[in-house]
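The structure under discussion appears below in the form of structure tokens.
No lab work stands behind these numbers, since they all come straight from the coordinates. Note that the coordinates shown come from a computational prediction; the quantities given were computed from them, not determined experimentally. Because the Cβ atoms are built from the backbone with ideal geometry, glycine has one as well, and the counts that use them run over all protein chains shown.
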Amino acid sequence: MSISSIRQIIVFAWQSFWRNFWLSIVTITIIVLAFISVNFLLILNILSDNAIKVVQNKVDVSLYFNHDASESQVLETQIYLSAVPQIDDITYISQAQALEQFKQKHQGDADIIQSLNELQENPLGATLIIKAKDIGDYPDIIDVVNNSKYNNLIQDKSFDDNEVFIDRIKEVSDNVNRVGLIASGIFILISLLIVFNTIRVAIYTHREEISIMKLVGATNWYIRSPFLLESIIYGLLGVAIAMAVTYPILGLIQPYVNSFFLDSTFNLAQYFSQNIIKILGVEFLITVLLNVLSSIFAMRKYLKV
Amino acid sequence: MIILKDLSKFYPPDVHALKGVNLHIKPKEFICLVGKSGTGKTTLVKLMIAEEKASKGRIIIGGWDITDIRNREIPILRRQIGVVFQDFKLLEKKTVFENIAFALQVSGISLVRMKEIIPQVLKIVGLEGKQDRYPVQLSGGEQQRVALARALVHRPKILLADEPTGNLDTQNTKEIMELLLKINDFGTTVILVTHNQDVVNSINKRVITIDSGKIISDQKKGKYIL
Ligand SMILES: Nc1ncnc2c1ncn2[C@@H]1O[C@H](COP(=O)(O)OP(=O)(O)OP(=O)(O)O)[C@@H](O)[C@H]1O
Ligand SMILES: [Mg+2]
């Protein structure tokens, strides 16, 4: 294909865009709406993933040793457990540290401090804090501990079960996700229909040119490509505008994100900026595929070439 | 060489536009195709440019049997056959130059080449200097010349002219006819479909008369006989 014919294809597509200006605007608007809702779906998923990660990070199992378990026994337990594959990290809190932490916590309470001081011995045992690689691994890890010979050294195990909380997050995000998916699906379906119709109208508007093109021996692809190009332009513009609209919204959401994530910071706009190529790339791909598909259907039906 | 063998065209549900047409046309021949309205002349033209498919029979053009031509090959055929019609089929929003360029672009010819070719064909059809005009700024005869120029830019072996003078007055008709004869002199096979008795009688070329989808007369140096 020569430069001159490529030029003609582009000019043709460009004209088609302007000749049915309002139709083009409507088409792009619908695609913009579709991809704004896709972007929201994406934001939601990013946020809920992060929320779950944050909560998961807070989950751990503490093994409270008897206060007469010796330091070497505790360290032996630690070594034993560090061989367990599901365990990511073990923090050792010695008896002394435990006492220190306890005192710190009850600083204001003179009674407790006093009674502690009256005791000759440290009443607290050492603690091992275990983090699993995955939240689902905790029951296994507790099993391992229960069945080990170290179990009788351990006075108590605490497992802060945040599972309920995580399930809640998952449930809420699943629900919102479902609504988002339906909305995106509907918008995408509408944009498919609109693109179909717009290309149909474009074919109709160009029927004279098309018949002459055929007469002078234009190939089918040559005749089709302006319409394909037109539909691709709609998609690319739609996705780009949707992203331009989404960015300021990210800024508006950020305060709520901050208040949710409290200690850990998560910057949505930054996340988008860092992944913009991937996000836009996938969205471009989706829109190009869909628009090409619906314009091919439109051409099948209305362009007998 | 164009060979039509037992060619029939049936338009469902009940129109037999052509009924067993047999015809040999030699290279560089000039043919007048005449006949009453609705006898199948345009249908014959459409079959030769593969706009319609034959119901029966064969069409062989330059040794190429195009009866069952594939869609993909139709453009190749059309670039070898120039066509003009009674309505000139020019694009109103394009200049003369652009209208002709339109035909060249589809076969991927560069703008530089176009700027060489287009003035040449415009000269042949007698429209030098009018390449920047729009169709509305031209007379009917001039518009038909633009259409002829567009049909000729591919240097076709065959020119099909379906009532090219149907919309023109006597003077313009005469000029277009002279042009067609000139094109024929350059070595292009011309098939002229016409109703115009004077035209047929004045040029003294082979005349084929069709009636009800059949060839009823084929004269070497013929006259309009209906
Ligand atoms: N697409 C079609 N579908 C059905 N019938 C058709 C179609 N095209 C042409 N016909 C019929 O076929 C017959 C031949 O038509 P054609 O156009 O070939 O006539 P023609 O000789 O060119 O007439 P004219 O001199 O008026 O142009 C006519 O009866 C016409 O009605
Ligand atoms: Mg006709």
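Using 7 Å Cα-to-Cβ label points, what is the B:Thr170/A:Arg7 separation (nm, one decimal)?
4.6
Calculate I(q)/I(0) for the protein assembly as shown by the Debye formula, one identical point scatterer on each C-alpha and no solvent, and give its log10 at q = 0.06, 0.10 Å⁻¹ to two decimals.
For the requested q values the scattering log ratios are -0.54, -0.90.
So if we plug the beta-carbon distance of A:Trp14 and A:Ile46 into 1/(1 + (r/R0)^6) with R0 = 35 Å, what FRET efficiency do we get, rounded to 0.05? Can you show the working numbers first?
Working: r = 37 Å, r/R0 = 1.05.
Using R0 = 35 Å, I get an efficiency of 0.45.
What are the residues whose amide H is under 5 Å from the amide H of A:Asn66, where those residues sit 5 or more places off or on another chain and H is modelled from the backbone?
A:Ile154, A:Gln155
Kindly provide log₁₀ I(q)/I(0) values, in the same order as q = 0.08, 0.09, 0.11, 0.15 Å⁻¹, from the Debye equation applied to equal alpha-carbon scatterers of chain B.
For chain B, the Cα-only Debye profile gives -0.28, -0.36, -0.54, -1.00.
Go ahead and run the numbers for FRET between B:Asn204 and A:Leu293, Cβ-Cβ distance against an R0 of 60 Å, rounding to 0.05. Intermediate values should be presented prior to the final figure.
Values: r = 59 Å, r/R0 = 0.98.
E between B:Asn204 and A:Leu293, to the nearest 0.05, is 0.55.
Taking loop as defined by DSSP and a crowding limit of 15 other beta carbons within 10 Å, which chymotrypsin sites (Phe, Trp or Tyr not before Pro) in segment B:14-121 fit? Present the calculation step by step, with values, prior to reporting the outcome.
Details: sites: B:Phe30, B:Trp64, B:Phe85, B:Phe88, B:Phe97, B:Phe102; in loops: B:Phe88.
Passing sites in segment B:14-121 do not exist.
From the phi angles alone, apply the Karplus equation (6.51, -1.76, 1.60; θ = phi - 60°) to segment B:12-18 and give each ³J(HN,Hα) in whole Hz, x where the residue is Gly or Pro.
For segment B:12-18, the Karplus-derived couplings read x, x, 8, 9, 9, 6, 10 Hz, x marking Gly and Pro.
Please name whichever of A:Leu228, A:Ala242, A:Pro255 sits farthest to the positive end of the charge dipole of the protein assembly as shown, dipole taken about the Cα centre and charges placed at Cβ: Lys and Arg +1, Asp and Glu -1.
A:Leu228
For B:Trp64 and B:Met1, calculate 0.36 nm times their separation in residues minus their Cα-Cα distance, and state this gained length in nm to one decimal.
On the way: separation 63, 0.36 × 63 = 22.68 nm, distance 0.97 nm.
Between B:Trp64 and B:Met1, full extension yields 21.7 nm more.
To make sure I understand the rule: partners must be lysines, Cα under 27 Å from the Cα of A:Lys103, and not fewer than 8 residues away in the same chain. Which ones qualify?
List returned: A:Lys58, A:Lys131, A:Lys157.
Report ³J(HN,Hα) in whole Hz for each residue of segment B:166-179, in order, from the Karplus equation J = 6.51 cos²θ - 1.76 cosθ + 1.60 where θ = phi - 60°; Gly and Pro get x.
x, 9, 10, 7, 4, 4, 5, 4, 4, 5, 5, 5, 4, 5
Using the count of nearby Cβ atoms within 10 Å as a rough guide to exposure, how do B:Met177, A:Met213, A:Met243 rank from fewest to most? Walk me through the numbers on the way to the answer.
Values: B:Met177 22, A:Met213 25, A:Met243 18.
With the sparsest Cβ surroundings first, the list reads A:Met243, B:Met177, A:Met213.
Mind ordering B:22-28, B:205-211 by average Cβ neighbours within 10 Å, highest first?
B:205-211, B:22-28
What percentages make up the Cα-Cα pair-distance distribution of segment A:60-158 when the bins are 10 Å wide from 0?
Values per bin, smallest distances first: 15, 45, 27, 12, 1.
Using only the alpha carbons of chain A, what is the convex hull's orientation-averaged projected area in square nanometres? Can you show the working numbers first?
Working: hull surface 93.5 nm².
Spelled out: convex hull of the Cα atoms, projected over all directions, averaged, 23.4 nm².
Between A:Val282 and A:Val176, what FRET efficiency follows from the Cβ-Cβ distance if R0 is 25 Å, with the result rounded to 0.05?
On the way: r = 21 Å, r/R0 = 0.83.
For A:Val282 and A:Val176, the calculated efficiency is 0.75.
Let me check I have the definition right: for segment A:213-305, take the eigenvalues of the Cα gyration tensor, multiply each by 5, take square roots. What are those semi-axes in whole Å, largest first?
Numbers: eigenvalues 370, 21, 18 Å².
Over the Cα atoms of segment A:213-305, the semi-axes work out to 43, 10, 9 Å.
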